[in-house]
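The structure appears right after this line, and notes come after that.
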Amino acid sequence: MKHLHSINELTPEQMMAVIERALAFKQGKKAHYSGYAANLFFENSTRTKCSFEMAERRLGLDVIPFETSTSSVTKGESLYDTCKTLESIGVDVLVIRHPDNAYYDQLEVLNIPVVNGGDGSGQHPSQCLLDLMTIYEEYGTFKDLKVLICGDIINSRVARSNYTALTKLGAHVQFAAPEHWQDYTLDAAYVAIDDVIGDIDVCMLLRVQHERHADGQSFEEADYHSRYGLTTTRYNQLKDGAIVMHPAPVNRGVEIDSALVEADKSRIFKQMENGVYTRMSILSHILDN
Ligand code: CP
């Protein structure tokens with residue numbers, strides 16, 4: 001891998017290679033790299049930023065602190081000039097989250113790799129790969145798994161990346177969403193959650209992306225929860241071996257009943273744990289190149 005901008009650029013074999021190495025790191029595999037990483041987050045983050053930093057440190061990389069709020073971005077410096085500056089001073093790999101879809105296109109000319117930590121409503125490839133690792137750890141295959149992705153599809157880079165990857169790997173993906181959050185650029189069927197809840201292997205809930213909604217757009221949390229959320233009634237209808245996922249942060253009581261966030265079938269905190277190993281795997285694949 002030369003970089004990781006979008007899950008679309010990975011073949012099934014490359015996705016499996018990332019997952020297998022992540023599992024090896026989880027089982028104790030060690031690796032040591034020298035060099036410098038910088039994490040540029042132009043949108044807020046807890047999981048992605050902290051777990052990339054954890055992954056970088058575990059791999060032996062030095063992390064150059066960078067906060068947009070104290071950088072020359074506040075003086076109007078462009079994304080390209082910011083990244084070119086970090087390349088010039090000797091940084092070896094950049095992890096970037098940015099509100100603009102496909103911001104990475106303008107950085108193709110850099111001589112250092114860019115790992116996309118999320119671009120607008122575009123892609124979230126490292127989240128996708130950690131989700132794949134979590135599913136694979138559970139089932140040992142993707143073939144014919146029934147996955148329901150439920151919620152704010154149109155604003156979700158997680159939905160976009162996971163739909164593409166899971167479909168390529170042989171899973172059967174369906175969506176459930178209110179009509180105004182459906183995205184017909186993706187070729188999945190929309191279903192009612194109650195029609196499929198007892199038949200799915202993976203119930204993947206999405207965060208309601210309030211920050212991407214138009215000002216004044218009405219949203220009734222209790223109504224959403226009763227129509228699209230994972231309630232205790234729906235949880236009890238899941239198959240014995242089914243799992244519940246959510247990229248987090250969770251809007252408790254909206255996408256999922258608060259009492260279910262750490263229920264037996266929930267893999268939400270397992271996803272976060274796996275995020276570190278997945279990001280170690282992504283970075284090591286890129287640095288090996
Ligand atoms: N899942 C995820 O991307 O979380 P953060 O926004 O906290 O990084």
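Here are some notes:
- Across the stretch 155-172, the qualifying residues are those that are more than 15 Å from the chain's Cα centre (by Cα) and among the aliphatic types (A, V, I, L, M), and the one among them that is nearest to A102 (Cα to Cα) is L169.
- When the stretch 156-177 is filtered for residues that are farther than 15 Å from V196 by Cβ, among the polar types (S, T, N, Q) and either surrounded by 21 or more Cβ atoms within 10 Å (Cβ to Cβ) or in contact with a Leu (Cβ under 6 Å, 6 or more places away or on another chain) (or both), the ones remaining, listed by number, are S156, S161, N162.
- Hits in the stretch 1-47 (condition: among the β-branched types (V, I, T) and closer than 19 Å to V93 by Cα): I7, V18
- The residues of the stretch 255-266 that are surrounded by fewer than 22 Cβ atoms within 10 Å (Cβ to Cβ), within 16 Å of the ligand (Cβ to nearest atom) and either within 17 Å of the chain's Cα centre (by Cα) or farther than 17 Å from T46 by Cβ (or both) amount to a single one, S266.
- Verdict on L10 being closer than 18 Å to N289 by Cβ, modelled with pLDDT of 95 or more and in contact with a Pro (Cβ under 6 Å, 6 or more places away or on another chain): no
- Test: residue in the stretch 207-216 that is farther than 19 Å from D152 by Cα and surrounded by fewer than 16 Cβ atoms within 10 Å (Cβ to Cβ): no
- Residue that is farthest from E255 (Cα to Cα) [pool: residues in the stretch 197-206 that are buried (at least 16 other Cβ atoms within 10 Å of the Cβ) and not acidic (D, E)]: I200
- When restricted to residues that are surrounded by fewer than 17 Cβ atoms within 10 Å (Cβ to Cβ) and not acidic (D, E), the stretch 65-83 contains 11.
- From M54, M16, residue being surrounded by fewer than 17 Cβ atoms within 10 Å (Cβ to Cβ), closer than 30 Å to R207 by Cα and within 16 Å of the ligand (Cβ to nearest atom): M54
- Pick from the stretch 106-135, criterion among the acidic types (D, E) and in contact (Cβ under 8 Å) with a residue 24 or more places away in the chain, ranking: nearest to S78 (Cα to Cα): D119
The values are calculated or read from the model by the stated rules, or taken from the named source; none is laboratory data. Since the model is a prediction, treat every value here as computed from it, not as a measurement. Neighbour counts are summed over all protein chains in view; Cβ atoms, including those assigned to glycine, are modelled from backbone coordinates with ideal geometry.
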